[in-house]
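What follows is calculated from the coordinates using simple rules that are stated; it is not laboratory data. All of these numbers come straight from a predicted model, not from anything done at the bench. Cβ sites come from the backbone with ideal geometry, for glycine too, and all protein chains shown count toward neighbours.
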Amino acid sequence: MTFLRRHRTLATITAFVLVYAVIKTLNLTGTLNAYYIQLIMLVGINVVMTLSLGMVNGFTGQFSIGHAGFMAVGAYTSAMITTVWLHTSTANPWVGYPVFIVAILAGGLMAAGAGYLVGAPSLRLKGDYLAIVTLSANELIRTVIRITDVLGGPRGLGGIPKFTTLEVVFVFAIVSVVLMRNYLFSSHGRSMKAIRDSEIAAEATGINTTKQKVFVFVFSAFFAGVSGGVFAHLLQFIHPDNFSFVKSLEYLIYLYVGGATSISGAIVGPAIFTLLPELMRSLQSWRMVIYPLILILTMIFRTEGIMGLKEFNFILIPQRQRKGVSA
Amino acid sequence: MALLDIQHLTQFFGGLRAVSDFNIQLEHGEIVGLIGPNGAGKTTVFNLITGVYTPTKGTIVFDGQNIVGKKTYQITQAGIARTFQNIRLFSKSSVIDNIKIAYHFRMSYGNTDAFLHTRKYWQGEQLVDDYAIDLLRLFHLEGHADDLSGSLPYGAQRRLEIARALATKPKVLILDEPAAGMNPAEADELMEMIHWLRDKFDLTILLIEHQMRVVMGVCERIKVMDFGETICEGVPEYIRNDPRVIEAYLGKGA
């Protein structure tokens, strides 16, 4: 039985590796050029961003709308570390990659810290306060970066070494998705959903709802921060406007169109809506008509998002068979 | 000493006195009813006991410990569980998950185990699954274990809410209108169940109920409230014939 369950985590990894293999093959055979590969890497980053946002919005029922702010904290923190430490020795991958990993984790921790500062006071309150506070925090972070000269200010921060490859993105996405999936399929994950369904009842069943909400918000910010780090080392140039409220809005769209209460939805949403504008390139200006049209139609016909409450089989952790229960 | 000892409980909402000098002592194993017309302050008393509101005045001593000012979840963890007047299940979670959620604060593993699905996680999950299915079986809900709780029929939802409250291992169970919306046959079943609950789980039960048949049939002692004041207290036969109670419910006779 235990083997079967481990086998399921293997299934999750296998699914990702298969996707990777297909993309890599297409890349090597020349079907997918470097531009498309970069696009696919953005999909991977967006999946983690969307899923981490879904932890707060979809599964805990809060409404955070400034996720790009935490991404910015992670992007700038990690970029500062790698550019300052490695400006000469990027050529040696044995030095480069460990520093890169330390840098993106440090970015995650900084973002988590920012998440705590934003979440701890506002999650104590019930209702829509979180939306206003996260929106403000997003713009606050962006403005602070804009006026801080060390971070490049309004010129942006360039010269970031390129560490993010297709492989890095896949490993990053697999680890992040598996960790968050695991958390959701735990007692703590059940508590999150309880808070979403009825905060009053969750308190009445002995759950410290404030503590649980703050913890989810903090680790959501952590994953956003690490995503920011991976993002910065892909583009090699970051600008405060990369992390504006509009960016946060994009993640909200990915999340709610994909299905906010589904891990699979947080994969499908960003995958479709990162690739779609490119696939419709031949339609020229019309794609900016069709893109929102698709959004509207999805919301009308699938209010709960494309995936709704459903999950891909490879995401699920199966219930164990119980003895002596007739269903 | 009483298991739950409430003295001089008073609650103001602005200028409105919702509860005034409310006193009650629950002895271990008792079933006590709280009745009164709409707006009498019964649910406010429940909300004060469970920490939803902090009382303006008064003390609530549970098991020798003053619980005034504690948070709702701390009071639940201390051993007072409740159900709600309008059922509040976790409707998008399965039936069995509703039970497991109430077990959460006693769960043996932490955040790290949850992220990594360590051995401790699997042990904890197995334990809670066994526990939850056994509890569901007692309430004849095991066949619906994996259904969404929101899809259960009304009576089953009421039973599940009680089962969920029991999963916190309470000493005192507070039921807010458990028979609301039930037909006489279902209400009879409920009365039987309340007695059975008390014996099986060694509980002390405090309940609000509007169906007089249920209150009279199940409670050993009844307290009657009107406009925040306690107007009468005693055994069911006494309450039934008290003119103050009849007046509160039916109005002054001509």
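For A:R190, A:R196, what's the fewest-to-most ordering of other Cβ within 10 Å of each Cβ?
In order of increasing Cβ crowding within 10 Å: A:R196, A:R190.
Restricting to Cα pairs below 8 Å that are 6+ residues apart, what does the relative contact order work out to for region B:115-221? Please round to a whole percent.
23
Restricting the count to DSSP beta bridges whose residues both fall in the protein assembly as shown, what percent are antiparallel, rounded to a multiple of 5?
Taking every DSSP beta bridge within the protein assembly as shown, about 55 percent pair in antiparallel fashion.
Of all DSSP beta bridges located in chain B, what percent are antiparallel, nearest 5?
Antiparallel: roughly 55 percent of the beta bridges in chain B.
Beyond 16 Å, what share of the Cα-Cα pairs of region A:156-206 is found? Please give it as a whole percent. Don't skip to the answer; put the middle values down first.
On the way: 787 of 1275 pairs.
Summing the P(r) tail past 16 Å for region A:156-206 gives 62 percent.
Based solely on its DSSP helices, what 222 nm [θ] is calculated for chain A when runs of n ≥ 4 H residues each add -39,500 (n - 2.57) and the sum is averaged over all residues, nearest 500 deg cm²/dmol?
Computed mean residue ellipticity for chain A: -24000 deg cm²/dmol.
What list of whole percents do you get for P(r) of region B:1-64, with Cα-Cα distances grouped in 10 Å bins up to the one holding the largest distance?
With a bin width of 10 Å, the distribution comes to 21, 54, 22, 2.
Could you put A:E250, B:E189 in order, starting from the residue whose Cβ has the fewest other Cβ atoms within 10 Å?
By the 10 Å Cβ count, ascending: B:E189, A:E250.
For A:S285, A:S52, A:S262, what ranking results if the residue with the fewest other Cβ atoms within 10 Å of its Cβ goes first?
A:S285, A:S262, A:S52
Which ³J(HN,Hα) values in Hz, rounded to whole numbers, follow from the phi angles of region A:300-315 under the Karplus curve 6.51 cos²θ - 1.76 cosθ + 1.60, where θ = phi - 60° and Gly and Pro get x?
6, 8, 9, 4, 8, x, 4, 8, x, 9, 7, 10, 5, 4, 6, 8
List, in order, the whole-Hz ³J(HN,Hα) value for each residue of region A:186-195 obtained from phi through the Karplus relation with A = 6.51, B = -1.76, C = 1.60 and θ = phi - 60°; use x for Gly and Pro.
In residue order, the calculated couplings are 9, 4, 5, x, 4, 5, 4, 5, 4, 4 Hz.
Kindly provide the helix-only [θ] at 222 nm of chain B, computed as the sum of -39,500 (n - 2.57) over DSSP H runs of four or more divided by all residues, to the nearest 500 deg cm²/dmol?
Theoretical 222 nm ellipticity from helices: -12000 deg cm²/dmol.
Nearest 0.05, what FRET efficiency do B:I246 and B:N23 give at R0 = 22 Å with Cβ-Cβ as r? Write out the running numbers ahead of the final one.
Details: r = 23 Å, r/R0 = 1.04.
Calculated transfer efficiency: 0.45.
Just to be sure I follow: if Rg is taken over the C-alpha atoms of the protein assembly as shown and Rh is the Kirkwood radius over the same atoms, what is Rg/Rh?
That ratio is 1.06, to two decimals.
Please list the non-local residues whose amide H lies under 5 Å from the amide H of B:L207, H modeled 1.01 Å from N, same-chain partners needing a gap of 5 or more.
B:V32, B:G33, B:L34, B:L175
Could you give the angle, 0 to 90 degrees to the nearest 10, between helix B:154-166's Cα long axis and the longest principal axis of the Cα atoms of chain B?
80
Which ³J(HN,Hα) values in Hz, rounded to whole numbers, follow from the phi angles of region B:197-202 under the Karplus curve 6.51 cos²θ - 1.76 cosθ + 1.60, where θ = phi - 60° and Gly and Pro get x?
With the stated coefficients, region B:197-202 comes to 4, 4, 6, 5, 9, 6 Hz.
Can you give me the C-alpha center-to-center distance between region A:49-128 and region A:129-145, rounded to a whole angstrom?
For region A:49-128 versus region A:129-145, the Cα centre distance is 15 Å.
Would you list the P(r) distribution for region A:2-244, with all Cα-Cα distances sorted into 5 Å bins from 0 and each bin expressed as a whole %?
1, 7, 13, 16, 17, 16, 13, 9, 5, 2, 1, 0
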